[in-house]
Each structure stands twice: as C-alpha cells, then as structure tokens.
Amino acid sequence: MKYIWILFCYAFMSGAMAENASQWGFDPKDATACLQKAIDSGARKIVVDNTGSDWLVGPIALRSDLELVFADGVVLRALPGAFKGRNDCFFQAWDAANITIRGEGNAVLKMNKADYQDESRYLHSEWRNSLSLRGCENVVIRDLKLEGSGGDGIYISNGRRTPGCRNITIENVIAVDHHRQGISIISVDGLRIKNCQFNNTSGTAPAAGIDFEPNSADEWIADCVIENTVFKNNVLGVCISVGVLTANSKPVSVQFRDCRFDGGAPVLFSIASRTVTPVKGSVVFERCEFTGAKSGVALINNLLKGGFEMKFKDCILDNRGAHGNAIQLSSSLPVDFGGLTFEGTTLKTGNKPAFGFANLSGGGLSTIGGDLNLLQANGVEKNFNFETFIAANQANPELLNFKTLSLDPGNLKPLAENGRNAASKRFRGKFKLLQYVETNKPLTLKFKAKQVSKAPLNIQVEVKDAVGTPVDQFRITKPEFSYDLKTSASGIRLFEINTGGQTLELASGHPGQAVWVDTRTGMFVASGAEFYFLVPAGVETVKVEVMPDVGEPVAAALISPDGKTAAVSKPQPNLYQLSAARRDASKAEIWKLRFPYVREDFRFRLGAPLPPLVSTAPENILVQK
C-alpha cells in the first residue's frame with residue numbers, strides 16, 4: 001500500500017513539475033514532432049528551453065490544462081516551407097481550457113510573413129495566425145513577442161463545440177508585422193489586454209492593430225477592457241466592425257483606457273450596424289490619444305440612434321497633417337445617425353474641418369454631442385457647436401421615401417429579336433442578371449473578372465428559373481469565363497452573382513438581357529458606364545438614385561431619346577436622386593443612364609414606376625409581356 005501511495009505522489013508531482021521540451025528530443029532542422037510530443041505528454045508545465053539554436057517548428061496543437069513557457073532567449077521560428085494549408089497556425093487551441101502561454105526574458109515566436117505573401121509559393125490566405133484560440137476558456141498569454149504571421153498575431157473565435165471564448169488575458173505582448181491584424185476578436189466574453197503593443201500591421205485589409213469583427217449575430221463582443229496599450233503604424237489603428245450584430249445580440253461592451261493609437265488611414269474605423277435594429281451596448285475610449293492620422297482620426301459608419309453608444313472621455317484626437325475631415329460620419333441606413341458623445345476631449349483639427357457627414361440614406365443626425373474642445377491650426381480654441389451641425393444635417397424625406405417597382409421575371413420578354421454584343425463596366429458585390437433563353441437555342445454568356453484585392457478570384461454565381469428555383473451554380477476563378485446556357489422551354493434565367501471584393505464585367509450582350517436594379521447595385525471604377533432602360537407610356541418623371549461610397553463622389557446624367565441631357569449631376573459625395581420630366585409621356589421610350597465620373601465605388605437603382613432593368617444596349621432590353 002505504501003509503495004502504491006509513493007507511486008501516486010510521484011505521478012502527481014511529475015504532472016505538476018516543469019518539464020523541458022528538449023527531454024522529448026530536439027532536431028535543429030525540424031523540431032515539430034519533439035515539441036508536439038512534449039505538449040501531448042500531459043505534463044502541466046512545459047518549458048521550451050534554450051538549446052542554443054532556434055526551434056524550427058510547423059503547426060502546433062495546444063491542449064487544456066497546460067502552462068507553456070518559452071525560456072529567456074528562445075526563438076521559436078516557423079519552419080520554412082511549412083504552413084501550406086490556408087488555416088495552418090503556429091499555435092492553435094480548439095475547445096480547450098486553463099492554458100497559459102508565456103515567455104521569460106526575451107522570447108520570440110516568429111513566422112515567415114514574406115514567404116506566405118508570395119503566391120508563387122503559397123496559396124493566398126489571411127489565416128496563418130501566430131496564436132489561434134477557438135472556443136477556449138481561461139487563457140493567459142503574456143511576456144512574448146509575436147512576429148511576422150501570415151494572418152493575425154492573435155485570433156479569438158468560436159470552437160468546434162464551444163461558441164466563442166471566455167476569460168482571455170493578454171499582457172506584456174508585442175505583436176508586430178502581421179499580415180492581417182495584430183489581434184482579431186471574433187467572439188469573446190471577458191477579454192483583458194494590458195501593457196501590450198500591436199504595431200506595423202500590413203498585407204491585407206483591414207490591416208488593423210486590433211479588430212473587433214464578429215461573423216454572425218449570435219457571436220459576442222462582451223466585457224472587453226484594453227489598458228495602457230499602443231497601436232502604432234498599422235493601416236488602421238482600431239477597427240470596430242460589429243455590423244452583423246443586431247438588437248437580439250448580446251450587447252457590445254468595449255473599454256479602451258490609457259491607450260495610444262499612432263497612425264492609420266483612418267486611426268479608428270467603425271461599422272456599427274448593417275440593419276435598422278442595431279446591437280445595444282457601449283464602446284468607450286478614456287484617456288486615449290489618437291495621433292498620426294493620414295486621412296482623418298475616425299471614420300464611423302451607421303452608428304444609429306437607439307444602438308450602442310460610442311464615447312470619447314478625456315481623450316486627445318490629433319488630425320494635424322491628415323488630408324481628410326477629423327471625424328467623418330456616414331449613414332447608409334434609413335434612420336438617424338446617433339449615440340456619439342464627447343467628454344473633456346480635445347480635437348486638434350489642423351487645417352481640416354472637425355466633422356463631416358456623408359448622408360448615404362436620407363437619414364439625418366441625432367443624439368450626438370457633449371464637450372469637445374477644438375484646437376485650430378491658428379491656435380484658437382473653441383467648443384464645437386453640435387446643435388448647428390445637427391441642424392445642418394437633418395433627415396431628407398424625399399431620399400427616405402425612394403421606392404422601386406416589383407417585377408415578376410416570368411412576365412418578361414425581349415424587346416428585340418436580335419441583340420447587340422455590348423459589354424458593361426465593372427460590377428462589384430452582389431448583383432442580379434436576367435437572361436431570356438428560347439427553347440433549344442443555346443447561348444453563351446461571357447464574363448471578365450478582375451481582382452481588386454490580393455485574394456484569388458472566386459466569384460459565386462447561382463442560376464435560378466423565373467420563379468426562383470435553383471437550377472445550377474458555378475464559380476468564376478479566371479479572368480475570362482464563359483457559361484453555356486440552354487433550356488428545354490423558353491423563359492428567363494436569373495443569375496445571382498456575388499463578386500465579393502472583386503469585380504465582374506458582362507463581356508457579351510444578347511436580346512432579353514438586363515441587370516435587375518431593384519436594390520442598390522454596386523460598380524467599381526466605372527467612369528463612362530452607360531445603361532439603357534425602358535420608360536413605359538404614362539410615366540411622367542424618370543428617377544434614379546445614386547449612392548457613392550464615403551469619400552468617393554460620383555456624377556450621373558440622364559439622356560433622353562433625342563440624345564439630349566435631360567438631367568445631370570456633378571460629382572456628389574452624398575446620396576442623391578437624379579430626375580427628369582418627360583416632354584411626352586404618352587408613349588414608351590428608351591432612355592440612357594450615364595456615369596461620366598466615378599471616383600471608385602458607388603451603387604444605383606431605378607425608381608418606381610420605372611421597371612428596374614438596365615441593359616448594355618437598347619437592343620438587349622427586357623420588357624413586360
């Protein structure tokens with residue numbers, strides 16, 4: 001009995017005592033298996049000891065109930081030529097609990113960012129993270145330098161079995177030179193970041209020092225506190241993109257205290273909502289400093305009255321040297337922008353306006369205000385007058401009440417028997433293409449795809465019949481793509497296309513072909529784009545809605561059948577309507593919509609009672625039977 005007890009105590013003490021990883025071997029050319037065996041041994045504390053040369057390892061899986069220590073001077077380096085999988089991470093934990101990952105002295109975890117960015121050697125990816133926590137609880141990361149990943153320095157998200165992460169502490173960590181984010185927070189309840197640095201992020205958008213960006217409405221950004229932390233020389237300092245959350249989601253709770261954000265275009269970027277029922281909660285910046293702005297301190301989209309509140313308390317916002325408004329607000333949803341307050345905050349404006357508001361929906365400004373002191377370029381100080389700013393940016397009922405006509409695709413037919421092979425400019429995002437096909441008369445649709453981001457082409461297309469039943473699907477992965485279309489019965493085919501961040505042109509025209517613009521349809525770098533559309537008899541006013549992206553003005557013109565310009569707008573930065581009265585509304589006519597100037601991204605749609613269909617040539621137009 002005594003012997004058994006001694007064995008039990010020895011086993012227990014062995015589990016609690018620290019074990020050097022090199023006890024499981026060390027291969028200076030590839031130590032992956034050695035380190036993984038050490039972790040898998042079940043020892044509660046593993047010390048990655050200093051062997052005198054770097055530990056070269058591939059992807060490592062972590063487990064529960066583990067303290068992983070990197071000794072002073074240890075450099076753990078990503079094995080060259082490894083990490084070929086798009087989701088291969090340096091260290092990854094799934095559905096695990098009670099993990100500590102820490103360094104002693106100078107310990108570095110270094111990946112090979114430049115290698116992963118070379119698409120001749122690696123498949124494009126944004127997810128080769130240094131540390132990935134998926135569905136984990138009670139995790140401590142401290143006293144480490146994380147460098148050069150092919151994704152994020154730290155990634156916090158859902159597991160296979162466990163939604164989100166809980167109780168994550170990150171302290172005295174330096175994350176530098178990562179490809180996508182210094183740290184990405186997808187879903188977490190209970191996050192503490194203290195005395196850290198997230199610097200020099202660049203490679204792929206959004207390239208933020210820190211990014212709060214849930215993927216679905218059932219994820220959380222809750223109880224997050226970031227203290228005494230620096231975000232420097234990132235493309236974006238901080239990104240708060242919680243637009244997928246709704247009023248039914250767990251309220252947002254983020255507090256930044258005594259943090260410094262240095263550099264960014266802009267320093268703060270936020271998409272607060274994508275619906276008119278926004279998530280509740282708060283985001284607070286207290287005693288924080290925003291400097292080094294390149295295109296403004298903050299760009300805040302769709303922060304809505306009744307949603308979460310954003311507050312700046314005792315902060316310094318420095319816009320000197322930036323080439324944009326210090327704080328640019330915008331709203332693309334048909335409700336008022338609101339919930340932004342300031343307390344004891346100073347804004348150094350430089351030579352640019354303190355605020356701008358891009359009205360992309362017709363909604364106005366409401367519930368923004370507080371105590372904001374402006375320090376102007378001439379040295380004069382004054383308080384910003386929020387009442388005047390709000391009064392100048394009220395809701396526009398005409399824009400809010402813009403309507404489109406409902407259509408039944410099954411009730412459409414070609415206007416002409418023969419079409420014209422006219423190409424389009426570049427569409428971007430989601431759009432709908434309608435094509436009429438005659439019985440046993442195949443036709444070929446040709447497309448041209450172009451990359452905007454570095455991500456590979458992967459444009460998704462779903463084909464449906466006139467009543468919306470799926471009949472086919474395909475992906476466009478090459479710059480030029482052809483699709484052969486044929487049916488056993490005449491009728492309409494609907495192509496629902498999602499280009500993602502890339503763009504797609506229609507490279508062929510046929511009779512009975514149109515883009516269905518009942519919703520805002522996006523285009524990219526499309527100066528000179530022209531579309532033809534039918535104006536039915538009895539329609540007295542031709543009306544189009546044009547919505548630029550923030551800071552990307554667009555001009556539009558309506559051309560009557562006699563070739564004269566019936567209405568034109570110079571490049572506008574805000575949502576607007578272009579309308580023209582018809583001289584003779586007794587007959588149907590074909591009009592033209594032209595975009596003479598486009599900065600970059602914009603969206604458009606046709607207003608009721610016009611059929612919301614546009615074609616690349618008048619011969620291609622679809623009409624109602």
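How many residues does segment 545-582 contain that are basic (Lys, Arg) and within 14 Å of ARG594 (Cα to Cα)? If you could, list the steps in order and put the result at the bottom.
As a first pass, look at segment 545-582 and keep what is basic (Lys, Arg): 564, 570, 582.
Within this subset, residues satisfying the condition of being within 14 Å of ARG594 (Cα to Cα) are 564, 570.
Total meeting the criteria: 2.
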| Residue pairs meeting the criteria (Cβ under 7 Å; at least 6 apart or on separate chains; first aromatic (Phe, Trp, Tyr), in segment 506-527; second crowded, with 20+ Cβ neighbours inside 10 Å and part of a loop (DSSP other than H, G, I, E, B)) | TRP516/PRO612; PHE524/ARG426
| query | Which strands (runs of 3 or more DSSP E) does segment 265-305 wholly contain that include 3 or more residues that are within 20 Å of the chain's Cα centre (by Cα) and at pLDDT 95 or above? | reply | 268-271, 298-301
| task | Pick out the one residue from SER249, SER241, SER273, SER253 that is of a type in the set (S, T, N, Q), closer than 23 Å to LEU333 by Cβ and surrounded by 24 or more Cβ atoms within 10 Å (Cβ to Cβ). | result | SER273
| query | Could you list, in sequence order, the residues of segment 98-139 that are in contact with a Lys or Arg (Cβ under 8 Å, 6 or more places away or on another chain), part of a strand (DSSP E or B) and either among the small types (Gly, Ala, Ser) or free of Cβ contacts under 8 Å to residues at least 24 places away in the same chain (or both)? | reply | GLY103
| query | Mind checking whether some residue in segment 546-562 is farther than 26 Å from GLY410 by Cα, in the same structural domain as LYS432 (by TED's automatic domain parsing), under 29 Å from the mean Cα position of the chain (by Cα) and among the acidic types (Asp, Glu)? | reply | yes
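Which of the residues that make up segment 353-381 are among the small types (Gly, Ala, Ser) and without any contact (Cβ under 8 Å) to a residue 24 or more places away in the chain? Explain how you work it out, then say what you get.
Here is the first cut: in segment 353-381, the ones among the small types (Gly, Ala, Ser) are 354, 356, 358, 361-364, 366, 369-370, 377, 379.
GLY379, the sole residue that qualifies.
Run down ARG420, ARG428 and say which single residue is of a type in the set (D, E, K, R), touching a helix residue (DSSP H, G or I) at 6+ places or on another chain (Cβ under 9 Å), assigned by TED's automatic domain parsing to the domain that holds VAL598 and in contact (Cβ under 8 Å) with a residue 24 or more places away in the chain. First the steps, then the outcome.
Details: ARG428 fails: touching a helix residue (DSSP H, G or I) at 6+ places or on another chain (Cβ under 9 Å).
Checking each option against the conditions leaves just ARG420.
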| query | Taking segment 334-351, which residues are surrounded by fewer than 21 Cβ atoms within 10 Å (Cβ to Cβ) and either outside the structural domain of GLU309 (by TED's automatic domain parsing) or in contact with a Gly (Cβ under 7 Å, 6 or more places away or on another chain) (or both)? | reply | PRO334, THR341, GLU343, GLY350
| message | Can you list the strands (runs of 3 or more DSSP E) lying wholly within segment 384-459 that have 2 or more residues being under 30 Å from ASP336 (Cα atoms), over 27 Å from the mean Cα position of the chain (by Cα) and not small (Gly, Ala, Ser)? | response | none
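The values are calculated or read from the model by the stated rules, or taken from the named source; none is laboratory data. Note that this is a predicted model, so its numbers are computed, not measured. Virtual Cβ from ideal backbone geometry, glycine too; neighbours counted across all protein chains shown.
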